[in-house]
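Colleague: One structure, as structure tokens, below. Some questions next.
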Amino acid sequence: MTKLKVLWVDDEIDLLKPHVLFLEQKNYEVTTCQSGPEAIELIPNENFDIVLLDENMPGLTGIETLAEIKTIQDNLPVVMITKSEEEYIMEEAIGSKIADYLIKPVNPNQILLSLKKNLDHSRLVTQKTTSNYQQEFRKITMDLMQTNTYDAWVELYKKLVYWELELGDIDDGGMFEILETQKNEANIEFGKFIEKNYASWFEKNTKAPELSHTLFRNKILPEISKEQPTLLVVIDNLRYDQYKAFEPTLNKYLKKKKEEAFFSILPTATQYARNAIFSGLTPEDMEKIYPEYWKNDTDDGGKNLFEKEFLEAQLNRLGKPLDFSYHKITNISQGEKLVDNFKQEKHKDLSVVVYNFVDMLSHSKTELEVIKELASTDKSYRSLTESWFKNSPLLKIIQQAKALGFKTIITTDHGTINVKNPSKVIGDKNTSLNLRYKTGRSLTYEDKDVIVAKDPSKFKLPKINMSSSYIFAKSNYFLAYPNNYNYYVNYYKNSYQHGGVSLEEMIIPFAVYE
């Protein structure tokens, strides 16, 4: 086993011989020196793994030595050891990116723990995470066979997302493959659950989860008051795991009051799900009550052009005529413009921001080779979303809202799934084009791959004509026409799509921040 190399810098190093011997017995190779200049001379010529640095030394102090070390080798971890408990010294050391901070007198085990934390951290975390998931694997497998309520499915999906994020941070491809298999099994069972129960959620006196068309009335509206302005952010096409990936950035600025999950209606597509949030109506009722705002799949023109009007109508219907603004952001210049003008929003009861970046990202993955490379897996897709959020106008908007005393609500309309398996479907020329659902007449399909709504009204969906039906792809299937089949399959395989039935598309986040 290769020994890890430690440089210990202390003007009283002779008094620390027992500590040095202890570390050497633990298989560390320890080099010692008594001053900052000596350390600065040694570091460029030796491949040290970590430095133990005394803060209070004559001549060049520990803080000054630390600054020099960082200019020579910025990524070399430095553990500061000091007699002083002065707060300004701690702050200066932490600000200089130290790896750890220990107060004298230190015992050998303290030193050992700090070394393990910094040098052996990855291996120890990998071992522990792998061990914990192996223990949890059997329980999740058993739960899969017994999960039969929507609440239980939410909890199971959150558990899978938790392990996906945990295993994503370690280097164990084998464990990750096992988790992927378990996720696929979960989606198969979830498809059966939705097929059996979804239509009943629209029946009177039936217990149902929070759905897109009930979200505003039941969850968002109770959070809005005249005493405090509210920012409602709807990030289009945001999965639960993507939200959890950038949540740590949010937590730097805001305090989470609550986090819940709700279910997107079918189809899990913007035209249906986001319009349902703003209108407070099912697609069937939107078409009946507001034909001037609703467009079916076969109609020309944009399908989400009247979200502001839908929201205004819902507020009036609920007897809550709030003073609100609506902003749809589809590019960076629109985002920056809102950042510049956001102070004007403080006089509103509700400021709604619909942000379209994640949806554009998922569709760009299909079209652009560079995005295919950057977002080839769920892990890299999450990473790209996190990087976007940290550098986006949206984060600046949220920071401004915080400074102005807003309550902030973050949610989405639906998620997305990485599609792997093609399923053949045949329809006439008026059949809708979405890869995860189809609506039209005389559809021919593989029964095992889809959920069928022969009577759309049971799913509260509009009929384009008298014989229209809907089909929704299950799990990670995508619907492909026989014509040009091989080209079509190769083009869309491993792309992110939405509109169908999967945990990733249907179980989505709703969070309130103070």
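Colleague: Looking only at the stretch 221-232, count every residue that is touching a residue at least 24 places away in the same chain (Cβ under 8 Å), surrounded by fewer than 20 Cβ atoms within 10 Å (Cβ to Cβ) and outside any loop (DSSP other than H, G, I, E, B) and tell me the total.
Modeller: 2
Yes/no matrix, rows are residues, columns are (1) modelled with pLDDT of 95 or more; (2) assigned to a helix (DSSP H, G or I):
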| position | (1), (2) |
| --- | --- |
| Leu179 | no, yes |
| Thr214 | yes, yes |
| Val234 | yes, no |
| Gln242 | yes, yes |
| Phe262 | yes, no |
| Asn275 | yes, yes |
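Colleague: Please indicate, with yes or no, whether at least one residue in the stretch 352-369 is at pLDDT 90 or above, touching a Gly at 6+ places or on another chain (Cβ under 8 Å) and in a strand (DSSP E or B).
Modeller: Looking for residues that are at pLDDT 90 or above, touching a Gly at 6+ places or on another chain (Cβ under 8 Å) and in a strand (DSSP E or B), one finds at least one in the stretch 352-369, hence yes.
Colleague: List the residue pairs whose Cβ atoms are under 8 Å apart, where the first residue sits in the stretch 23-52 and is on the phi < 0 side of the Ramachandran plot and free of Cβ contacts under 8 Å to residues at least 24 places away in the same chain, the second is acidic (Asp, Glu) and surrounded by 17 or more Cβ atoms within 10 Å (Cβ to Cβ), and the two are 6 or more positions apart or on different chains.
Modeller: none
Colleague: Assigned by TED's automatic domain parsing to the domain that holds Ser475, within 26 Å of Leu211 (Cα to Cα) and assigned to a strand (DSSP E or B), is that true of Lys424? Outline the logic, then answer.
Modeller: On the way: assigned by TED's automatic domain parsing to the domain that holds Ser475: yes; within 26 Å of Leu211 (Cα to Cα): no; assigned to a strand (DSSP E or B): yes.
No, not satisfied.
Colleague: Cβ-Cβ under 6 Å, sequence separation 6+ or interchain: first residue in the stretch 128-151 and in contact (Cβ under 8 Å) with a residue 12 or more places away in the chain, partner acidic (Asp, Glu) and not in a helix (DSSP H, G or I). Which pairs?
Modeller: Thr130/Asp172
Colleague: While we're here: Give the residue, chosen from Glu185, Glu210, that is over 30 Å from Val353 (Cβ atoms) and either of a type outside the set (A, V, I, L, M, F, W, C) or surrounded by fewer than 16 Cβ atoms within 10 Å (Cβ to Cβ) (or both). Give the steps one after another, and end with the answer.
Modeller: Numbers: Glu210 fails: over 30 Å from Val353 (Cβ atoms).
Answer to the check: Glu185.
Colleague: Shifting gears a bit: Can you tell me which residue in the stretch 428-445 is farthest from Ala269 (Cα to Cα), limited to those that are over 28 Å from the mean Cα position of the chain (by Cα), part of a loop (DSSP other than H, G, I, E, B) and in contact (Cβ under 8 Å) with a residue 24 or more places away in the chain?
Modeller: Looking at residues that are over 28 Å from the mean Cα position of the chain (by Cα), part of a loop (DSSP other than H, G, I, E, B) and in contact (Cβ under 8 Å) with a residue 24 or more places away in the chain, I get Ser442.
Colleague: Restricting to the stretch 483-510, give me the number of residues that are touching a helix residue (DSSP H, G or I) at 6+ places or on another chain (Cβ under 9 Å) and over 17 Å from Ser432 (Cβ atoms).
Modeller: Final tally of qualifying residues: 12.
Colleague: Something else now. Given the options Glu185, Glu195, name the one that is part of a helix (DSSP H, G or I), at pLDDT 85 or above and more than 23 Å from Lys244 (Cα to Cα). Before the answer, list the steps.
Modeller: Details: Glu185 fails: more than 23 Å from Lys244 (Cα to Cα).
None of the others qualify; the one that does is Glu195.
Colleague: I've got another one for you. Within the stretch 73-88, identify whether any single residue is farther than 23 Å from Asp120 by Cβ and modelled with pLDDT of 90 or more, and answer yes or no. First the steps, then the outcome.
Modeller: First, the residues of the stretch 73-88 that are farther than 23 Å from Asp120 by Cβ: 82-88.
Within this subset, residues satisfying the condition of being modelled with pLDDT of 90 or more are none.
No, there is no match, as no residue in the stretch 73-88 is farther than 23 Å from Asp120 by Cβ and modelled with pLDDT of 90 or more.
Colleague: Moving to a separate point now. Inspect the stretch 286-298 for any residue being within 25 Å of Ala453 (Cβ to Cβ), buried (at least 18 other Cβ atoms within 10 Å of the Cβ) and either assigned by TED's automatic domain parsing to the domain that holds Ile464 or β-branched (Val, Ile, Thr) (or both) and give the result as yes or no.
Modeller: Checked against the condition, which is being within 25 Å of Ala453 (Cβ to Cβ), buried (at least 18 other Cβ atoms within 10 Å of the Cβ) and either assigned by TED's automatic domain parsing to the domain that holds Ile464 or β-branched (Val, Ile, Thr) (or both), the stretch 286-298 yields no hits at all.
Colleague: Looking at Tyr488 and the list (1) at pLDDT 95 or above; (2) in contact with a strand residue (DSSP E or B) (Cβ under 7 Å, 6 or more places away or on another chain), which single condition is not satisfied?
Modeller: (1)
Colleague: Determine whether the stretch 260-268 contains at least one residue that is charged (D, E, K, R) and over 23 Å from Phe193 (Cα atoms).
Modeller: Of the residues in the stretch 260-268, the ones charged (D, E, K, R) are 260.
Next, only the ones that are over 23 Å from Phe193 (Cα atoms) stay: none.
Looking for residues that are charged (D, E, K, R) and over 23 Å from Phe193 (Cα atoms), one finds none in the stretch 260-268, hence no.
Colleague: Can you confirm whether the stretch 189-199 contains a residue that is within 18 Å of Gly499 (Cα to Cα), surrounded by fewer than 15 Cβ atoms within 10 Å (Cβ to Cβ) and not polar (S, T, N, Q)?
Modeller: Yes: one or more hits.
Colleague: Could I ask something else about it? What's the total number of residues in the stretch 433-442 that are surrounded by fewer than 21 Cβ atoms within 10 Å (Cβ to Cβ) and in contact with a strand residue (DSSP E or B) (Cβ under 6 Å, 6 or more places away or on another chain)?
Modeller: Of the residues in the stretch 433-442, 0 are surrounded by fewer than 21 Cβ atoms within 10 Å (Cβ to Cβ) and in contact with a strand residue (DSSP E or B) (Cβ under 6 Å, 6 or more places away or on another chain).
Colleague: Among the strands (runs of 3 or more DSSP E) confined wholly to the stretch 450-514, which include 2 or more residues that are closer than 30 Å to Lys252 by Cα? Steps first, please.
Modeller: Working: elements: 450-453, 469-473, 477-480, 507-513.
Passing ranges, in order: 507-513.
Colleague: Now for a different question. I'm checking my understanding of the structure. Among residues of the stretch 456-483 that are free of Cβ contacts under 8 Å to residues at least 12 places away in the same chain and more than 35 Å from the chain's Cα centre (by Cα), which one is nearest to Asn187 (Cα to Cα)? Reasoning before the result, please.
Modeller: First pass over the stretch 456-483, keeping only residues free of Cβ contacts under 8 Å to residues at least 12 places away in the same chain: 463, 466, 483.
If we keep only those that are more than 35 Å from the chain's Cα centre (by Cα) as well, we get 466, 483.
Working: Met466: 32, Asn483: 28 Å.
Applying the filter and picking the extreme gives Asn483.
The values are calculated or read from the model by the stated rules, or taken from the named source; none is laboratory data. In this text the structure is predicted, and so the values were computed from the model without any measurement. Note that each Cβ is placed from the backbone with ideal geometry, even for glycine, and that neighbours are counted across all protein chains shown.
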